[in-house]
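Student: Just passing along the structure, written as structure tokens.
The values are calculated or read from the model by the stated rules, or taken from the named source; none is laboratory data. Computed from a predicted model, the values in this text were never measured in an experiment. We place every Cβ from the backbone using ideal geometry, glycine too, and count neighbours over all the protein chains shown.
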Amino acid sequence: MSMFAATPINRKNLGRQKIFRTLLGGMTAILIMPVVVIMATLIYKGAPVMSLDFLFTNPTNGMTAGGIFPALLGTILLVVVALLASVPLGVAAAIYLSEYAPDNWFTRAINLAIINLAGVPSIVHALFGLGAFVIFFRFGTSILAASLTLAIMTLPVVIVATRESLQAVPMAFREACWNMGATRWQTIRRIVLPNAVTGILTGVILEVSRTAGETAPIMFTGAVFFLPFLPQGVFDQTMALSLHLFVVSTQVPEMPEAVPYGVALVLICLVLLMNSVSIALRMYLRGKKKW
Amino acid sequence: MNNKPSSAPVPASSDFDQLNRDWYIDKAVQALVFIGGISAIIFIIGIFVFITKEGLGFLVGDFSFKEFFFSPNWRPTSENKVTYGILALIAGTASVTGLAMLIAIPFSLGTAIYIAEFATGKTREFLKITVELLAAIPSVVWGFIGLAMMNPLIIDIFDVPVGLNVLNAGIILGLMAAPIMTSIAEDALKAVPDRYREAAEAMGATRWQMIYKVVLPAAKNGLLGAVLLGVGRGFGETMAVLMATGHSINIPGSVFDSVRALTATIAAELGETAVGSQHYKALFTIGISLFVITFIINLVADLVVRGVRKG
């Protein structure tokens, strides 16, 4: 640039670039600011109730005191059962789409269905769970019904992450294996899956985070406002952290301010922790990859 | 296995059995993963079938299309005359989603352009991760933020009696939709080949000229797809709008009016209705409308984005 003196037009254009750069950077900062403010406020206001007792004791006094243990346990149960259903199904779907599916209208229809499954409003998933699992299959309002609803809702997360990591395995790996006389499945099991397993894991962790935070789909299928005892099996109802936040912040009069902040803090920490683990794993994977 | 060198010894019969078994396992696995593959289609059809099955009783009989969609009176529990009109609920959803998009579209596109075209190295990585974490905050937490933080803030700043209104929910929903739109828009920008950028810079274009004249036109469809998915997301959001709108039936005249959204109505009322009652069926009918509308939005978004890949 220094060899040629900038003409007025150059200067004008560069000035304009500077303006837009600053403007867009400012927008980015404004978009990110809320996270910082929100986290700071949650920590500041939730800190007074935060303790091990809060995590591991039952709520007392109409939920205005005591801890959140049944809700925390309920969320863990819901997530585990949902994963048991959605991970095998999602991985199978991803294997089909990545390794078997031909490029035709039917595969396009499957992909469209996956996009739609992710796009259907969560409350519609709740209606489906109620109509299908609670009423039609007679599971009643139970952990099973709620978890299956969550599993279907978050299925696209597993499918998309798994498919991406399967497709990241170079074609040459498969070709080499086929040349040795291996069948398609032998190739997938011995070569493709082992090379994609960390990627699949990032997807599964992401699903845990999504599942733990959902509220609407479990409201009518298995989660309840308050239970005096812990669930004994998958056909029992349960409390859940996300619904508990809704309940303590809207349904209970004379709630001490710190309690909902505490619940929100635990929920958001759980979710963000899962996401951070997933991101860290992904970055580690990117660093390790040799092809 | 016919292409072995002819000098190789003929495999023993047990080897053939082994090959046979492998072949059958292969076919069985193929059938199994195919079931996984079509499960998404089965579930989408299943969702439609089951919500229609529950809501159908409302649509047959003396269902009035005009009253349902064009009457502002949602009075499912009225003692004098029960009416099921969702116009006010549609207005609630539309106003909140509209305001959310006014906020989210410029900010998410701006952020996407900044991350994809200006930011480099560590800054870029940091921004991308933050946006991803922002997208991960559960909707019930957003609702709580609207309730506990935004509500007093709006009352203070604008001196209005109630802070749970279109403005509150619109901002919350905008913040929720923006990170998702940002990631999709950034993908669309990244899909523009680098040689376009290099060609523009070789012509002496500044970075902004390059973005404005070359990258944005090339990524146009992907960006439109991002906006559409954001709209679909805002439209279907439940917990945040339930908690932040004030949940009162209104056709809003200003951003300070409380409203009630379609999704929130289902969430708030379904628990109190008897299975199979008219009210219950009416809520499922709202669900059918939500399903159909989001299906169309997603379909259009997919077609728009696909247009880009072909071109």
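Student: Go through (1) over 23 Å from B:G246 (Cα atoms); (2) in contact (Cβ under 8 Å) with a residue 40 or more places away in the chain; (3) more than 10 Å from chain A (Cβ to nearest Cβ) one by one and return the number of the condition B:H279 breaks.
Tutor: (1)
Student: Follow-up. Looking only at residues in segment B:48-84 that are free of Cβ contacts under 8 Å to residues at least 12 places away in the same chain and closer than 18 Å to A:G131 by Cα, which one is farthest from the other protein chains (Cβ to nearest Cβ)? Steps first, please.
Tutor: At the first step, the residues of segment B:48-84 found to be free of Cβ contacts under 8 Å to residues at least 12 places away in the same chain are B:49-50, B:53, B:60-66, B:75, B:78-81.
Imposing the further condition that a residue be closer than 18 Å to A:G131 by Cα reduces the set to B:49-50, B:53.
Values: B:V49: 9, B:F50: 4, B:K53: 6 Å.
Step by step, filter segment B:48-84, then rank; the result is B:V49.
Student: Scan the helices (runs of 4 or more DSSP H) fully inside segment A:170-235 and keep the ones with 1 or more residues being farther than 26 Å from A:V263 by Cβ and acidic (D, E).
Tutor: Details: elements: A:171-179, A:184-187, A:193-213, A:216-219.
Per the criteria, A:171-179.
Student: For segment A:158-168, which positions are in a helix (DSSP H, G or I) and either surrounded by fewer than 22 Cβ atoms within 10 Å (Cβ to Cβ) or of a type in the set (S, T, Y) (or both)? Show your work before the answer.
Tutor: Here is the first cut: in segment A:158-168, the ones in a helix (DSSP H, G or I) are A:158-167.
Within segment A:158-168, A:V160, A:T162, A:E164, A:S165, A:L166, A:Q167 meet the criteria.
Student: Could you go through segment A:127-150 and let me know if any residue there is under 26 Å from A:G287 (Cβ atoms), modelled with pLDDT of 90 or more and either under 24 Å from the mean Cα position of the chain (by Cα) or of a type in the set (S, T, Y) (or both).
Tutor: Keep residues of segment A:127-150 that are under 26 Å from A:G287 (Cβ atoms), which gives none.
There is no residue in segment A:127-150 that is under 26 Å from A:G287 (Cβ atoms), modelled with pLDDT of 90 or more and either under 24 Å from the mean Cα position of the chain (by Cα) or of a type in the set (S, T, Y) (or both).
Student: Also: Search segment A:235-267 for residues being surrounded by fewer than 19 Cβ atoms within 10 Å (Cβ to Cβ) and among the hydrophobic types (A, V, I, L, M, F, W, C), and hand back the single one that is nearest to A:A47 (Cα to Cα).
Tutor: Across segment A:235-267, the extreme among qualifying residues is A:A258.
Student: Hey, another quick one. Of the residues A:T211, A:T187, A:T183, which is within 30 Å of B:R21 (Cβ to Cβ), more than 8 Å from chain B (Cβ to nearest Cβ) and polar (S, T, N, Q)? Write out each step before concluding.
Tutor: Details: A:T211 fails: within 30 Å of B:R21 (Cβ to Cβ); A:T183 fails: more than 8 Å from chain B (Cβ to nearest Cβ).
Matching residue, one of A:T211, A:T187, A:T183: A:T187.
Student: Further, regarding this structure: Taking the stated definitions as given, is A:L148 assigned to a helix (DSSP H, G or I) and at the interface with another protein chain (Cβ under 10 Å from one of its Cβ atoms)?
Tutor: Numbers: assigned to a helix (DSSP H, G or I): yes; at the interface with another protein chain (Cβ under 10 Å from one of its Cβ atoms): no.
In short, no.
Student: Let me ask something additional. Does segment B:105-112 include one or more residues that are assigned to a helix (DSSP H, G or I), surrounded by 21 or more Cβ atoms within 10 Å (Cβ to Cβ), touching a residue at least 24 places away in the same chain (Cβ under 8 Å) and touching a strand residue (DSSP E or B) at 6+ places or on another chain (Cβ under 9 Å)?
Tutor: no
Student: B:K128 passes all but one of (1) at pLDDT below 95; (2) out of contact with any Gly (no Cβ under 6 Å at 6 or more places or on another chain); (3) surrounded by 22 or more Cβ atoms within 10 Å (Cβ to Cβ); which number fails?
Tutor: (3)
Student: A follow-up question, please. Would you pick out the residues in segment A:97-119 that are within 7 Å of chain B (Cβ to nearest Cβ) and touching a residue at least 12 places away in the same chain (Cβ under 8 Å)?
Tutor: Applying the first criterion (within 7 Å of chain B (Cβ to nearest Cβ)) to segment A:97-119 yields A:97, A:100-101, A:109-110, A:112-117, A:119.
If the condition is that a residue be within 7 Å of chain B (Cβ to nearest Cβ) and touching a residue at least 12 places away in the same chain (Cβ under 8 Å), then A:L97, A:Y100, A:I110, A:I114, A:I115, A:L117 are the ones that fit.
So that you can scan it fast, the table gives a plain yes or no per residue for (1) closer than 14 Å to A:L241 by Cβ; (2) in the same structural domain as A:T215 (by TED's automatic domain parsing); (3) at pLDDT 95 or above:
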| position | (1), (2), (3) |
| --- | --- |
| A:M33 | no, no, no |
| A:T41 | no, no, no |
| A:P59 | yes, yes, no |
| A:I68 | yes, yes, no |
| A:S98 | no, yes, no |
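Student: Related question: Output the residues belonging to segment A:250-287 that are touching a residue at least 40 places away in the same chain (Cβ under 8 Å) and of a type in the set (S, T, Y).
Tutor: Correct list: A:Y261, A:S278, A:Y284.
Student: Follow-up question, since we're still on this one. For segment A:42-51, check the following and say yes or no: at least one residue is part of a loop (DSSP other than H, G, I, E, B), touching a Leu at 6+ places or on another chain (Cβ under 7 Å) and within 28 Å of B:A178 (Cβ to Cβ).
Tutor: No - not one qualifying residue is present in segment A:42-51.
Student: Also: Among the residues that make up segment A:232-248, is at least one of them modelled with pLDDT under 90, of a type outside the set (F, W, Y) and at positive phi?
Tutor: No, the conditions are met nowhere in segment A:232-248.
Student: Tally the residues that are part of a helix (DSSP H, G or I) and surrounded by 21 or more Cβ atoms within 10 Å (Cβ to Cβ), restricting the search to segment A:120-145.
Tutor: We begin by selecting, within segment A:120-145, every residue part of a helix (DSSP H, G or I); these are A:122-136, A:143-145.
Within this subset, residues satisfying the condition of being surrounded by 21 or more Cβ atoms within 10 Å (Cβ to Cβ) are A:122-134, A:143-145.
Qualifying residue count for the region: 16.
Student: Given the structure, is B:T285 touching a Ser or Thr at 6+ places or on another chain (Cβ under 7 Å), surrounded by 20 or more Cβ atoms within 10 Å (Cβ to Cβ) and in contact (Cβ under 8 Å) with a residue 40 or more places away in the chain? Before the answer, list the steps.
Tutor: Numbers: touching a Ser or Thr at 6+ places or on another chain (Cβ under 7 Å): no; surrounded by 20 or more Cβ atoms within 10 Å (Cβ to Cβ): yes; in contact (Cβ under 8 Å) with a residue 40 or more places away in the chain: yes.
Answer is no for this residue.
Student: Considering only segment B:100-131, how many residues are more than 25 Å from the chain's Cα centre (by Cα), within 9 Å of chain A (Cβ to nearest Cβ) and among the small types (G, A, S)?
Tutor: Residues that pass the stated criteria total 1.
Student: Of all residues in segment A:56-75, which are within 21 Å of A:Q232 (Cβ to Cβ) and either in a helix (DSSP H, G or I) or among the polar types (S, T, N, Q) (or both)?
Tutor: Scanning segment A:56-75 gives A:F56, A:T57, A:N58, A:F69, A:P70, A:A71, A:L72, A:L73, A:G74, A:T75.
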